[in-house]
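Please treat every number below as a calculation from the coordinates, not as lab data. Keep in mind it's a predicted model, so treat the numbers as computed, not measured. Counting neighbours? That spans all protein chains shown, and the Cβs are built from the backbone with ideal geometry, glycine included.
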């Protein structure tokens, strides 16, 4: 079930009142919301429900067993590895099996071997990467003693809660499970923020992202050799805006829907294209994934505590695996590698020349740092978006070799959509704050009218069919 | 009564303000959240009623569509009566977009005489001036399963050069997009080829539902306006059901693949080929590929048989490319196939239906072979 569809609107108009009606008796609310979440997920394919239920049972079983093994460190560690391997095994089978087989066969062919493995075209269940990571969070937090195992029912809500289920944000156990203990207050719903996030998310997805995809990005990335340097350059900027609008739009809607149900999720984006370094970018882009990679991969690998060389290795490894998380393809690995190398270079520079605190940045410092960071990020997006290295290379060489050729795809609406997508990230925080405060003071009919008009304009400006969110495939 | 009114008013005045957040947003009750959501959705439904009706109307036949129409119809009437459909029409008109209308009219040219009658090709030629190409006999090196054999009409292939370029247009449903771009890539550096616009792939459309998108009208407009020499078509992926809209008066259907259905579908496929041919364009029609779903593959074979038969009726004017065979591995669905260097590459998308980049390249190579049979697009490179 996609958020910007009539099906979801009907689903939500049934779930929202029932959720609040059942909320005072939270023990009744929990089975209800698990059922609703399973319906939401099973709408794609009912078999996915079995996988989700299996993930819930496996992680809960292992968390309880780890907790009960207090005082037996080797057993706890063995159980932890088993639990994580179970999660990664399922993810690996569904997401990486074919990639592994084809890569192995191609490598074997190069050295004259025949590997008797067959590709199976496994259907990738939507959202599997997200709830697998949330399951691992729970297991590791229980192992570390950061949280205690909760009940099966609460864990099932934590893992399957439909607002975050298919594309995040990746919510940590201690952020959501405590909210499931007591009924949410029906008198303190942050409706204005919820509606703002939903409306802004829909606009970003339906208008900005879809427009740029269909009017320049898809065409140029499909066949870079037929496009001018200017078209390629603008297509790269457009993709940077498209993926931001698409993914942040989804998580805005998810956070807004959770707010209407009385729950708060962590922020997932914070103006990433205003970042002044790659490190800063990763504090602002897909923030819940960044901290997951930091806390469950980079730090367990040793972080920066084991010397300079190992720190660089850990940075590279974390970003490489972060790239592979996004997709089973070598272009995603290249994307991770670019970010990993970039972070290493920044770290080396800081260690060698010292760090200038952001408070002491001049205006010029902000300009050039943002410009350089944005362009490194855009360069990496070329690999992320290109289907093959050959096409990525055509994009890069095309940036320099065909200036002066006609550029019919570079139109005013395309440039406007890019400007809106990037410019919105430089909007002073007081502007949305003032809009929200003003909206919250409107009466009921006024709020409904503003929302309805926003929905109408979004629909009118958007394409007839809304493509699935980019991050569903991850 | 007056006392009651006064005390009610006073109670309202004394109602404590809604709680607020630190940055000044007022919080609301769950009831208010629900009321605003419901009212906003209702208003938005009225403002978008015409488009909601159209998208419901365009759904496949079935109970879901019937139920949705039962709501969407009255909603549209209320919206029209209250003139709430006007704001969206203004917005759409401001951005130059057509307001939602449902058009099922199918205007097709008369079919050509049967193959082998010796009559000249219909149509008087395109912007390139020479009209339909004259195919040469099928050359060696091409698997016999990949194309429909077309009898030669003239021995000479039409020649295109950078001065007189072949205008190429690619159109169809979502299945045309990846191979379409692959064709553009394959011919992209050939200065004798001029691409006309982007790949015109429209998702979830076909020839059975002109109410969703009227391809008959669109193709007729485009081939005339754009003066096209060659068009690559791919249709049928959404046509494997028993229903069609835009049927002529007195025509009814008897189910997918049955005689009446086949007759009407042939009329549409053939009509589209004739529309392009009569405007002077040579047609390369991509058949549907084998898919992961066996029953879907069987249905698509039915569609392919119709297209192939119609292509054979138009020798020298239509070439049929057998995507089904080209993307099979010994007749079975194959997500990975060897590329031209023998490396195993992913040719099918994860949905088991659409093509990956490398799959498109396989099809594009066959399209280029077809064009090589009927056109000379390369000899100009040797002249200097």
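Within 10 Å of the Cβ of each residue in A:55-67, the mean number of Cβ atoms contributed by other protein chains is 0.
Annotation: extensible slack from residue A:74 through residue A:53 equals 4.7 nm (criterion: 0.36 nm per residue apart, minus Cα-Cα distance).
Here the spin labels are modelled as points 7 Å beyond Cα on the Cα-Cβ line, and at residue A:46 and residue A:1 they lie 1.6 nm apart. The modelled label-to-label distance between residue A:21 and residue A:419, using points 7 Å beyond Cα along the C-beta direction, is 5.0 nm.
Give the average, rounded to an integer, of partner chain Cβ atoms located within 10 angstrom of each Cβ in B:262-269. That average works out to 0. Among A:344, B:234, A:378, the order by Cβ neighbours within 10 angstrom, fewest to most, reads A:378, A:344, B:234.
In deg cm²/dmol and to the nearest 500, what is the mean residue ellipticity at 222 nm of chain A if only DSSP H runs of at least 4 residues count, each as -39500 (n - 2.57), divided by the residue total? Mean residue ellipticity, 222 nm, calculated: -21000 deg cm²/dmol.
With r defined as the distance between the Cβ atoms of residue A:441 and residue A:368 and R0 fixed at 51 Å, what FRET efficiency is calculated, to the nearest 0.05?
On the way: r = 42 Å, r/R0 = 0.82.
Given R0 = 51 Å and the Cβ-Cβ separation, E is 0.75.
For the listed peptides B:300-310, B:63-73, A:4-14, a ranking on the average number of other beta carbons within 10 Å per residue, highest first, reads B:300-310, A:4-14, B:63-73. In a fully extended conformation the segment linking residue B:164 and residue B:103 would gain 18.3 nm over its present Cα-Cα distance, using 0.36 nm per residue. Three principal axis extents of the range B:29-102 based on alpha-carbon atoms, in descending order, are 42, 36, 21 Å. Once the Cβ-Cβ distance between residue B:247 and residue A:356 is put in as r, and R0 is 60 Å, what FRET efficiency do you end up with, to the nearest 0.05? E(calc), rounded to 0.05, equals 0.25.
Note on residue A:97 and residue A:82: their simple-model spin labels are 2.4 nm apart, each label 7 Å out from Cα toward Cβ.
Given R0 = 35 Å, the distance between the Cβ atoms of residue A:264 and residue B:94 translates into a calculated FRET efficiency of 0.35. Panel order for B:329, A:190, by other beta carbons found within 10 Å of each beta carbon, from fewest to most: B:329, A:190. With a 10 Å cut-off around each Cβ of A:445-457, the average count of Cβ atoms from other chains is 6. Ordered by the number of other Cβ atoms lying within 10 Å of each residue's own Cβ, fewest first, A:346, B:221, A:359, A:219 fall into the sequence A:359, B:221, A:346, A:219. The distance linking the range B:38-100 with the range A:193-246 is 27 Å (Cα centroid to Cα centroid, whole angstrom).
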